[in-house]
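Shown next, in structure tokens, is the structure this report addresses.
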Amino acid sequence: MQHAIDISVTVNGERVQARVEPRTHLIDFLRETLDLTGSHAGCEHGVCGACSILVDGQMVRGCLMLAVQADGASVQTIEGLTESGAIAALQEAFVARNALQCGFCTPGMLVAAAELLRAHPAPTREQVREGISGNYCRCTGYHAIVDAVIDAAATMRKG
Amino acid sequence: MKPAPFAYARAKSLDDVFDKLDAHGDQARLLAGGQSLIATLNLRLSTPSLLLDINGLAELRGIKVESNTLRIGALTRHAELGADPLVARHAPLLAEAVPHIAHAAIRNRGTIGGSVAFADPAAELPACMLALEATIVAQGRGGERRIAADDFFKGLYETDLRDGELIVALEIPLPAAGQRSALIELARRHGDYAIVGLAALVRPGVARLAWFGVGGTPLRSLLAEAAFAHGDLAAAQDALAQDLDPPGDLHGPPQFRLHLARVLLGRAFAKLKG
């Protein structure tokens with residue numbers, strides 16, 4: 001291990017101390033060291049969006065950020081977002097609308113959809129398509145995902 | 001893919017950056033937003049021995065108006081650029097460009113200094129620097145060096161930056177009276193690199209047309225600019241055949257890009273007329 005570095009990260013509200021190799025991606029640290037395998041590693045060069053997570057409340061690509069860079073940060077994975085209920089309306093709408101088939105893209109898709117709805121609580125279909133444009137789905141053809149996000153937005157507005 | 005092993009250090013100051021760049025030379029890479037760099041590391045297109053993280057350097061942050069310029073710190077992230085009121089007021093072209101840059105997750109990390117230093121010929125911000133007559137403020141151990149955007153982009157991913165230098169800020173002249181700007185691009189999908197893009201700035205008697213995705217660098221079209229400045233769109237569109245020599249690729253042959261450039265110029269003309 002080359003010059004391993006000690007980091008302290010808050011993951012889903014829990015403080016974690018670890019020693020990481022500099023080249024370890026944040027997504028691999030979460031999946032392989034912390035066993036939080038909900039967020040997926042897909043293309044590993046920032047194109048597919050499957051590894052989307054929140055760092056200090058902002059969506060990032062977990063494969064374009066190193067674990068050492070998360071030192072001192074607060075990270076939320078799909079597990080944390082699920083547990084807190086933050087994306088419950090989206091998750092229910094994804095099920096109701098069949099917005100997934102194999103499910104590989106879904107954790108990242110949910111993070112992207114949640115980030116979109118924070119900025120645009122009542123998005124148009126066009127805005128939803130833009131919001132998920134960085135997340136690839138090879139099963140659904142996207143229509144069902146757009147339907148689900150629109151439905152979830154309506155549910156969330158009703159509170 | 002996983003990167004090859006490298007050492008990692010957080011720069012404590014600009015002097016620390018210069019020391020480490022001196023010590024490691026070509027083997028060190030500066031890590032800003034990392035949205036291009038980490039992808040190239042993952043693909044092992046780049047295998048530095050040291051990654052020097054400059055994200056902690058407060059002196060590279062912040063956006064402010066100083067006398068007649070808008071000074072944008074190199075570490076300003078795209079999302080910050082797009083949301084900043086000073087940018088919206090004094091350099092609306094940049095605010096207009098931000099939604100076209102990749103996707104939200106990338107915009108939350110990528111930086112303006114990184115984008116300009118990387119100099120991707122199909123990227124929005126380098127072309128905006130040309131259109132806006134920006135000055136690239138570089139710093140090395142010997143001090144500050146100010147480079148006009150027109151002199152900065154030298155070739156494919158090649159800039160005027162020297163060994164041991166980094167970009168600390170971008171300076172943009174405050175808009176002149178009657179100045180307007182527009183950014184438009186054509187891409188297959190939202191967030192893709194543009195097939196052809198145009199950052200345009202006009203004010204009475206002047207037009208600066210900066211293109212991206214049409215060559216090895218962002219570039220201006222001087223003949224078209226002269227005609228455009230006189231309000232002669234048809235002549236400007238004709239002149240593009242002399243100004244631009246776009247490459248052919250998977251998207252189509254050179255004539256296809258040239259056609260799209262003419263189309264974009266027409267749209268920009270309509271937009272800038274108001």
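For this structure, a couple of remarks:
- Cα shape, the range A:81-135, gyration tensor, a/c 1.5 rule: oblate
- Chymotrypsin sites (Phe, Trp or Tyr not before Pro) restricted to DSSP loop in the range A:81-159 with at most 13 other C-beta within 10 Å: none
- Two-site label geometry, residue B:174 and residue B:160: point separation in nm, points 7 Å out along Cα→Cβ: 2.5
- Rolling a 1.4 angstrom probe over the range A:1-65 with all protein chains present gives an accessible area of which 41% lies on carbon and sulfur atoms.
- Label positions at residue B:44 and residue B:146, each projected 7 Å from the Cα along the C-beta direction, are separated by 4.6 nm.
- Residue B:252 long-range amide H proximity, modeled H, under 5 Å: none
- Length-normalised contact order for chain B - Cα pairs under 8 Å, 6+ apart - percent: 15
- Rounded tilt (10° steps) of B:14-24 against the dominant C-alpha axis of chain B: 80
- With a 10 Å cut-off around each Cβ of B:182-193, the average count of Cβ atoms from other chains is 1.
- Chain A: angle of helix A:143-158 to the longest principal axis, Cα-based, in degrees nearest 10: 90
- 0 to 90° range, to nearest 10: angle between helix B:254-273 axis and chain B longest Cα axis: 80
- Nonlocal amide H pairs with residue A:25, under 5 Å, H built at 1.01 Å: A:67
- Net charge, residue A:143 excluded, C-beta distance under 11 Å - Lys, Arg +1, Asp, Glu -1: +2
- Loop trypsin sites (Lys or Arg not before Pro), the range A:1-109, which have at most 16 other Cβ atoms in a 10 Å radius of their Cβ (DSSP): none
- Within 10 Å of each Cβ in B:44-52, the average number of Cβ atoms from other chains: 1
- Each Lys and Arg adds +1 at its Cβ and each Asp and Glu adds -1 at its Cβ; summed about the Cα centre, the range A:39-159 shows a dipole of about 340 debye.
- Phi-based couplings in Hz for the range B:192-202 (Karplus 6.51, -1.76, 1.60; Gly and Pro marked x): 5, 4, 5, 6, 9, x, 9, 10, 10, 9, 10
- Anchor residue B:154: lysines whose Cα lies under 29 Å away (excluding residues fewer than 8 positions away in-chain): B:20, B:64
- 14 Å beta-carbon shell around residue A:48, net charge (K/R +1, D/E -1): +1
- In sequence order, calculated HN-Hα J values of the range A:88-95 (Karplus, 6.51, -1.76, 1.60; Hz; x Gly/Pro): 4, 5, 5, 4, 5, 5, 4, 5
- Estimated inter-spin distance, residue A:6 and residue A:95, nm [label 7 Å along Cα→Cβ]: 4.4
- Put a plus charge on the Cβ of each Lys and Arg, a minus charge on the Cβ of each Asp and Glu, and nothing anywhere else: the dipole of the range B:67-165 about its Cα centre is then about 300 debye.
- Net charge contributed by nearby residues that have their C-beta within less than 12 Å of residue B:39 (K/R +1, D/E -1): +1
- The range B:49-108: C-alpha gyration tensor shape, a/c 1.5 cut-off, then a/b vs b/c: oblate
- Whole-Hz couplings from phi, Karplus 6.51/-1.76/1.60, listed for the range B:112-124; x for Gly and Pro: 5, x, x, 5, 6, 5, 5, 6, 5, x, 9, 8, 6
- Pairs of Cα atoms farther than 38 Å apart, the protein assembly as shown, %: 25
The values are calculated or read from the model by the stated rules, or taken from the named source; none is laboratory data. Computed from a prediction, not measured in an experiment: that's the story for all the values here. Every residue, glycine as well, gets a Cβ built from its backbone with ideal geometry; the counts of neighbours run over all protein chains shown. What goes into the accessible areas is simple: the full protein's heavy atoms, side chains included, and nothing from ligands, DNA or RNA. Shrake-Rupley method; radii C 1.70, N 1.55, O 1.52, S 1.80 Å.
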